[in-house]
Amino acid sequence: QVQLVESGGGLVQPGGSLRLSCAASGSIFNFYYMGWYRQAPGKQRELVVFITRDGSTNYADSVKGRFTITRDNAKNTVYLQMNSLKPEDTAVYYCNGRSYEDNSWGQGTQVTVSS
C-alpha cells in the first residue's frame, strides 16, 4: 500500500497563505483520484477538493477562488495552495489517494488560522 504523508501545516493569520504537500511513498500515477479533506473539532470530515488523473478538479464552495490543488506525478506529490485563509479554515487536513487496488489516507496536518 502506498503511504501518504502530509506536511506544510501551521499557524497563520487571517488573510495569510499556506501550501500543503502530500508526498507518496510510491507512484501516484495509478491514483485516479486524489483529494484533500479536512476535519474541524466537533465536526465531520469534509471534502475540500479533489483532482483526477486527467487533471479535472472539484472544489468545495467554501474554498473556491482561494484554494488550488495541483498534482505532480513525477514527484509523486499533490499540493494544496491555500490563500486568503479564514478562521473557519482551521482544521486537520488529510490527503486521500484512490486507485483500483488502494485507498490511502495520510495522518493529517494541522492548519490553524488565528490572529
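The values are calculated or read from the model by the stated rules, or taken from the named source; none is laboratory data. The structure presented is a predicted model; accordingly, all values stated were derived computationally and were not measured. Here the Cβ positions follow ideal geometry from the backbone for every residue, glycine too, while neighbour counts run over all protein chains shown. These accessible areas exclude ligands, DNA and RNA; they are computed on the full protein's heavy atoms, side chains included. Shrake-Rupley method; radii C 1.70, N 1.55, O 1.52, S 1.80 Å.
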Cβ-Cβ below 6 Å, separation at least six or inter-chain, first residue in segment 61-89 and in contact (Cβ under 8 Å) with a residue 24 or more places away in the chain and in a loop (DSSP other than H, G, I, E, B), second surrounded by 14 or more Cβ atoms within 10 Å (Cβ to Cβ) and of a type in the set (K, R): which pairs? N83/R66; S84/R66
Among the residues of segment 65-104, which ones are at pLDDT 95 or above, surrounded by fewer than 15 Cβ atoms within 10 Å (Cβ to Cβ) and within 14 Å of the chain's Cα centre (by Cα)? T70, Q81, N83
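Listed here are the residues, each with its yes/no results for (1) over 16 Å from T109 (Cβ atoms); (2) out of contact with any strand residue (DSSP E or B) (no Cβ under 9 Å at 6 or more places or on another chain).
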| position | (1), (2) |
| --- | --- |
| L20 | no, no |
| S27 | yes, yes |
| Q39 | no, no |
| T57 | yes, no |
| F67 | no, no |
| L80 | no, no |
| A91 | no, no |
| N96 | no, no |
Residues of segment 12-43 that turn out to be open to solvent by less than 60 Å² (accessible area, probe 1.4 Å), of a type outside the set (D, E, K, R) and in a strand (DSSP E or B), as a count: 12
